[in-house]
1. Just to verify a result, which residue in the stretch 233-245, among those that are of a type outside the set (Val, Ile, Thr) and surrounded by 14 or more Cβ atoms within 10 Å (Cβ to Cβ), is nearest to ASN273 (Cα to Cα)?
2. Name the residues in the stretch 72-88 that are loosely packed, with under 14 Cβ neighbours inside 10 Å and part of a helix (DSSP H, G or I), would you?
3. Among the residues that make up the stretch 51-71, is at least one of them buried (at least 20 other Cβ atoms within 10 Å of the Cβ), touching a residue at least 40 places away in the same chain (Cβ under 8 Å), within 24 Å of the chain's Cα centre (by Cα) and within 26 Å of THR177 (Cβ to Cβ)?
4. Mind listing just one residue for me: the one in the stretch 266-278 that is open to solvent by less than 50 Å² (accessible area, probe 1.4 Å) and part of a loop (DSSP other than H, G, I, E, B) and, of those, nearest to ASP207 (Cα to Cα)?
5. Quick check: anything in the stretch 224-232 more than 22 Å from ARG176 (Cβ to Cβ), open to solvent by 60 Å² or more (accessible area, probe 1.4 Å) and among the small types (Gly, Ala, Ser)?
6. I need the full set of residues from the stretch 207-225 which are of a type outside the set (A, V, I, L, M, F, W, C) and over 21 Å from TYR286 (Cβ atoms), in order please.
7. If only one of TYR309, TYR286 is assigned to a helix (DSSP H, G or I), touching a residue at least 12 places away in the same chain (Cβ under 8 Å) and of a type outside the set (Val, Ile, Thr), which one is it?
8. For ARG371, work out the one condition from (1) over 27 Å from SER93 (Cβ atoms); (2) of a type outside the set (Ser, Thr, Tyr); (3) modelled with pLDDT of 90 or more it doesn't fulfil.
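The values are calculated or read from the model by the stated rules, or taken from the named source; none is laboratory data. Note that the structure is predicted; figures quoted are calculated from it, not measured. Neighbour counts are summed over all protein chains in view; Cβ atoms, including those assigned to glycine, are modelled from backbone coordinates with ideal geometry. Please note that ligands, DNA and RNA were not included when accessible areas were found on the heavy atoms of the full protein model with its side chains. Shrake-Rupley method; radii C 1.70, N 1.55, O 1.52, S 1.80 Å.
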Amino acid sequence: MDKDTLFSSFGKWLAPICTKSFTEKVKETNQDKYVKKFTTLSYLKLFLHAQIQQRDGLREIADDVLSKDFQKELGLKSISAAQLSRKHNQVDSALLEHVFMQLVLRIRQHTAPSMLRKDFKIIDSTTIGLCLQKYKWAEFRKTKAGIKLHFRLEYIDDETVVPEKVTITSAKKNDRTQMDALINELGVTYVYDRGYIDYGKFDDYCDRGIFFVTRTKKNAMIRPIESFSLPPESAVLTDEMVYVGTPQKRMENVLRLIHTVDSEGNPVAILTNRFDLNADEIGQIYRERWVIETFFKWMKQHIRIKSFYGTSEQAVMNQIWTALIAFCLLVLVKLETGTRHSLLQLYRWLKILLWDSVQDWMERIHRLPQRISEGRRKKQ
């Protein structure tokens, strides 16, 4: 019998985190020092299950343990909402972040995007609104609370992006405050919107060999130096070498300004320090940035990062890292099986076949899609 038949689909999905490395990290942090039954691994399994099943609260999560299959998986016969709440507030967020980063490293071993998508990473953030009365530690405005998730994403194939670096701050934090944490690799091109405009950092990036592609601000002071010729079939309107800033406070390095259209056909002015690519390639790199909007939409619709199982800062952080772990586990299934099915389809099948043999899930995953989208037909 194939060893995969010994697993449930849920157990197989979790396999990348049930490792010796995880056990050693838990021991190193003394996370389970005085724990007899409800271990950190059991906690993580419970809350990943809650992500997949979109559970509304701790009582509903506690009721999941009534399942005999789940009891075997957890090594528990029952759990209370109060026990879940205590554990949710005790688990070290840094441990869950470590699990996420280990999954990212494993994902990156399988990446195979085309050269255009391989050369750059996307920087952006999304804000999650919270009730100020319940989440006073996350005060944003006088009547609002919120947190902000800052992402650095990269393509792992020509259709899928994965967040390979994440920072979490209060919603008050300006996007620019996270640039040092997210933009730090030499030779990489970072693509981001004008919320990250910082001419001082741009000069630093030019000097250090970090590349960027971004939009200009509407009131940016720009002085053209030289215009570059464009081929007749180009979608780019103008391509120029420019100085940016006022005569009193100007960037030391010259940049390139390209006028083109975005993915929705709206005019856009792009600043970059890449002079080795043609203007249409630069325009396409910027248009590829919009995949992050699809990523944000997927995250908010299919895993729980908009409503929370606890109101403390620790509980919120733990749920966000758990949600990101759940996403990465799905991405790993897609990469390791080589399937052409979407992440959403894998998620739906996992949800239905959760306690069935993993063989049933794998057989479904390896079936070829009955219909191929128009975009995929064009690529073929």
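1. Looking at the filtered set, the residue picked out is MET241.
2. Across the stretch 72-88, the qualifying residues are LYS72, ALA82, ARG86.
3. Within the stretch 51-71, not a single residue is buried (at least 20 other Cβ atoms within 10 Å of the Cβ), touching a residue at least 40 places away in the same chain (Cβ under 8 Å), within 24 Å of the chain's Cα centre (by Cα) and within 26 Å of THR177 (Cβ to Cβ).
4. For the stretch 266-278, the residue satisfying everything is ASN273.
5. Checking the stretch 224-232: at least one residue is more than 22 Å from ARG176 (Cβ to Cβ), open to solvent by 60 Å² or more (accessible area, probe 1.4 Å) and among the small types (Gly, Ala, Ser).
6. Of everything in the stretch 207-225, those that are of a type outside the set (A, V, I, L, M, F, W, C) and over 21 Å from TYR286 (Cβ atoms) turn out to be ASP207, ARG208, ARG223.
7. TYR286
8. (3)
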